[in-house]
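Read the structure below first, then the notes.
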Amino acid sequence: MTAAPIVQIRQLTKIFQQGEINVTALDSIDLEINSGEFLTLMGPSGSGKSTLLHIIAGIDRPTSGDCIVQEYNIAELDESALADWRNQNVGFVFQTFNLIPVLSAYENVELPLLLTQLNSRERRRLVTTALDLVGLADRMKHLPKQLSGGQEQRVAIARALVTDPRLVVADEPTGNLDSHYATEVLEILRTLSSSGKTVIMVTHDPKAAAYGSRSIHLEKGELVR
Amino acid sequence: MTIPGFIIKNAFRNKRRAALCVLSVAASLALLVILLVILDFFVNPPEDVGSSLRIAVRNKVSLAAPLPVRQRPIIAKIPGVEALTALTYFGGNYHGESSTYFAQFGMEPSQLEAVFGEAKMPRDQLEAWMANRTSCIVGADTAKRYNLKVGDKFPLVGTIYPVDLDLTIAGFYKGTTDDRNVFFHQKYLDELLGDPGTVGMWWIKARSAEEVPGVIDRVNAAFANSSAEVLAETERAFQMDFISMMANVKSLIASICSVVVFALALVSASTMSMAIRERIRELSVLKALGFRRHELFAFILAESFGLAAVGFILGVGGICAAFASVDFSAASGGFLPSSLSATPRIIGIAALVAVGLGIISSLAPALSVSRLSVVDGLKTLD
């Protein structure tokens, strides 16, 4: 892989305080992730993989060290700048889909675009394109409860893509899906990676990890390979 | 989809809870408006057109103590006095009622137009009343309530005086601020009582508003150090004195208003807190997608404010419509006049309470959401 790194992590440490006990979730991690990579983060529960993903995605902050994503040091951005940065640069896919139940598939995908200056016609074009990409253009008026788990996750992926972010982070996106739907979702993520987007996925499942272009393992907050 | 559309969908996502919240706000605001209208009625009683010229003269010792008839010619000669009538509260019960909702007064019929000019009635009925000593005139509200006709018998059983009145209706009047009262001849009462030589009060009509203070002073001075000292005051001051006797009622109503607002705030805050608590995860997702703290705060505020606004429209709109159609006199057993209305000031107070509710009930959930980290929020209900 010769592409420039989109994520540069140096001596990254994250310590959680639980009462009087300090728990080290990440311990002096060094990592580079190249643009267009499909990186899978593996490891047992409590190994720190989700914490690492959260810091890269800008929804958590490191205790020390640097996490530079697209030339922005996450630790140095204030709350508001970080929110803007997330909106423009990161697409999120969660294990439990996290769609808004009162909004249709179309409206869920449109949600991140409400923060932009785009008019409704431009928003419609982007939403339709994103839903087309995940094969759900014909389900755009359905509410989440009217969709299957796999379809819900595809809507969530469309929501992650609609702002055309360079980075897509997925926290166990197949954890709540059967193997058929899981394969669909992983294929979509691999397609995204092929199209130039950087995909970082946390998973427990070696089969899912096999879809990635690189896999790293964490244990007790440290990179083991 | 628009941001307002998103807020509306969120506000009514749990339709039953939203409906119950709106109804509780509506019912409480309606109750608040009713209480404020009643309070306003006590604090600012309605005035007749001629009330600025009228002077009430009562016994200085007590409203219940009578005044001697011999005072009449003395008052009549006082400069600035244009007209004068005796007015004696009878306090009888009609038709076997244990508590009659209208008041009855003995007066001098020839002075009705001069002293209480707002009371409008056909000339022939007025003349018939003046001509018949045992007749009476009845306010339009009372006539309507009992479906009365001219010529009907109108018996009143005395509760204060040891006599009963056997009256015949000579006519009906309307146009005063309280068209419930019944007026009869003072002379008829005097006869039944064996001419005691006393009346309840004197009511004076001054020649002009400028002369009112002077007339009051002269009337008070005329009977100073006599066996029946008087207290003359404007009709307005008399009403306020009368109302001040109900100070506890005013305090009670004011206290109930405060409790209503407080309870309403608790209900709304509780509803909003519940609504937000079950959406912590969603709000965290919104944060992750790039929505900022102040935008989420605005969502919650708008949602809470919207529910309060709908409650305000339903509650205050409903009660204003009820004011136009409900006979409050009948509903309150005569405690209140037939018609009440919410003034712009009262509607404004209710609107302020609704706005306050919207803000107060959204504060706690909005603050907790703004403090919550995205990661912690996403862990909720995991």
_Matching residues, the stretch A:136-147, being in contact with a helix residue (DSSP H, G or I) (Cβ under 7 Å, 6 or more places away or on another chain) and over 17 Å from B:LYS9 (Cβ atoms)_ = A:LEU136, A:ALA137, A:ARG139, A:LEU147
_Residues located in the stretch B:191-201, provided they are touching a helix residue (DSSP H, G or I) at 6+ places or on another chain (Cβ under 8 Å) and crowded, with 17+ Cβ neighbours inside 10 Å_ = B:VAL199
_Single match in B:ILE160, B:ILE216, B:ILE169, B:ILE204 (criterion: open to solvent by 30 Å² or more (accessible area, probe 1.4 Å) and in the same structural domain as B:GLY80 (by TED's automatic domain parsing))_ = B:ILE160
_Exclusive hit being out of contact with any Cys (no Cβ under 8 Å at 6 or more places or on another chain) and open to solvent by 20 Å² or more (accessible area, probe 1.4 Å), set A:GLY19, A:GLY48, A:GLY58, A:GLY91_ = A:GLY19
*Looking at (1) at pLDDT below 80; (2) assigned to a helix (DSSP H, G or I); (3) aliphatic (A, V, I, L, M), can you tell me which one B:LEU340 breaks?*
(2)
*Before we move on, is A:LEU99 at pLDDT 90 or above, under 21 Å from A:GLY58 (Cα atoms) and in a loop (DSSP other than H, G, I, E, B)?*
yes
*Looking at (1) farther than 17 Å from A:ILE188 by Cα; (2) more than 10 Å from chain B (Cβ to nearest Cβ); (3) open to solvent by 10 Å² or more (accessible area, probe 1.4 Å), which is the one condition that is false for A:GLN151?*
(1)
*asked:* Here's a check for you: in the stretch B:223-248, which residue that is surrounded by fewer than 16 Cβ atoms within 10 Å (Cβ to Cβ), aliphatic (A, V, I, L, M) and not in a loop (DSSP other than H, G, I, E, B) is modelled with the highest pLDDT?
replied: B:ALA237
*Tell me, yes or no, whether the stretch A:175-193 has at least one residue that is open to solvent by 50 Å² or more (accessible area, probe 1.4 Å), at pLDDT 90 or above and part of a loop (DSSP other than H, G, I, E, B).*
no
_Scope the stretch B:266-281; condition more than 14 Å from chain A (Cβ to nearest Cβ) and among the small types (Gly, Ala, Ser); matching residues_ = B:SER268, B:ALA269, B:SER270, B:SER273
*asked:* Given the criteria part of a helix (DSSP H, G or I) and more than 13 Å from chain A (Cβ to nearest Cβ), does B:SER284 qualify?
replied: no
*Identity of the residue in the stretch B:177-190, of a type in the set (D, E, K, R) and under 27 Å from B:ILE78 (Cβ atoms), that ends up surrounded by the fewest Cβ atoms within 10 Å (Cβ to Cβ)*: B:LYS187
*Selection count, the stretch B:272-300, where residues are without any contact (Cβ under 8 Å) to a residue 60 or more places away in the chain and over 49 Å from the mean Cα position of the chain (by Cα)*: 4
*Can you name the residue in the stretch A:58-76 that is outside any strand (DSSP E or B) and over 14 Å from the mean Cα position of the chain (by Cα) and, of all such residues, is nearest to the other protein chains (Cβ to nearest Cβ)?*
A:ARG61
_Exclusive hit being at pLDDT 80 or above and open to solvent by less than 20 Å² (accessible area, probe 1.4 Å), set B:PHE305, B:PHE312, B:PHE323, B:PHE297_ = B:PHE323
*Inter-residue pairs, beta-carbon under 8 Å, first hydroxyl-bearing (Ser, Thr, Tyr) and in the stretch A:149-175, second not in a helix (DSSP H, G or I), 6+ apart*: A:THR163/A:GLY91; A:THR163/A:THR116; A:THR174/A:THR203; A:THR174/A:ASP205
*Specify which of the listed residues (B:SER62, B:SER99, B:SER51) is hydroxyl-bearing (Ser, Thr, Tyr), open to solvent by 70 Å² or more (accessible area, probe 1.4 Å) and either within 18 Å of B:ASP178 (Cβ to Cβ) or out of contact with any Asp or Glu (no Cβ under 7 Å at 6 or more places or on another chain) (or both).*
B:SER99
*Of A:GLU79, A:GLU110, which residue is of a type in the set (Asp, Glu), surrounded by 22 or more Cβ atoms within 10 Å (Cβ to Cβ) and within 10 Å of chain B (Cβ to nearest Cβ)?*
A:GLU110
*Within the stretch B:360-379, work out how many residues are away from chain A (no Cβ under 11 Å) and either closer than 10 Å to B:ILE280 by Cα or surrounded by 15 or more Cβ atoms within 10 Å (Cβ to Cβ) (or both).*
10
*Can you give me the ranges of the helices (runs of 4 or more DSSP H) entirely in the stretch B:1-81 with at least 2 residues that are away from chain A (no Cβ under 14 Å) and in contact (Cβ under 8 Å) with a residue 24 or more places away in the chain?*
B:15-43, B:71-76
*Going by the structure shown, is A:LEU41 touching a residue at least 24 places away in the same chain (Cβ under 8 Å), within 14 Å of chain B (Cβ to nearest Cβ) and either part of a strand (DSSP E or B) or more than 14 Å from the chain's Cα centre (by Cα) (or both)?*
no
_Residues (in a loop (DSSP other than H, G, I, E, B) and touching a strand residue (DSSP E or B) at 6+ places or on another chain (Cβ under 9 Å)) located in the stretch A:77-96_ = A:PHE94, A:GLN95
*For B:SER251, indicate whether it is assigned by TED's automatic domain parsing to the domain that holds B:LEU363, more than 22 Å from B:VAL355 (Cα to Cα) and of a type in the set (S, T, N, Q).*
yes
*Within the set of pairs 6 or more residues apart or between chains, which connect a residue that is closer than 22 Å to A:ARG10 by Cβ inside the stretch A:196-225 to a residue that is among the β-branched types (Val, Ile, Thr) and in a loop (DSSP other than H, G, I, E, B) with Cβ atoms less than 7 Å apart?*
A:HIS217/A:VAL224; A:LEU218/A:VAL224
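Here's the yes/no breakdown for (1) at the interface with chain B (Cβ under 9 Å from one of its Cβ atoms); (2) touching a Pro at 6+ places or on another chain (Cβ under 8 Å); (3) not small (Gly, Ala, Ser):
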{"site": "A:ASN87", "(1), (2), (3)": "yes, yes, yes"}
{"site": "A:SER104", "(1), (2), (3)": "yes, no, no"}
{"site": "A:ARG123", "(1), (2), (3)": "yes, no, yes"}
{"site": "A:ASP138", "(1), (2), (3)": "no, no, yes"}
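The values are calculated or read from the model by the stated rules, or taken from the named source; none is laboratory data. Model, not experiment: these values are computed from the prediction. Cβ atoms come from the backbone with ideal geometry, glycine included; neighbour counts cover every protein chain shown. The area values use the complete protein model at the heavy-atom level, side chains included, leaving out ligands, DNA and RNA. Shrake-Rupley method; radii C 1.70, N 1.55, O 1.52, S 1.80 Å.
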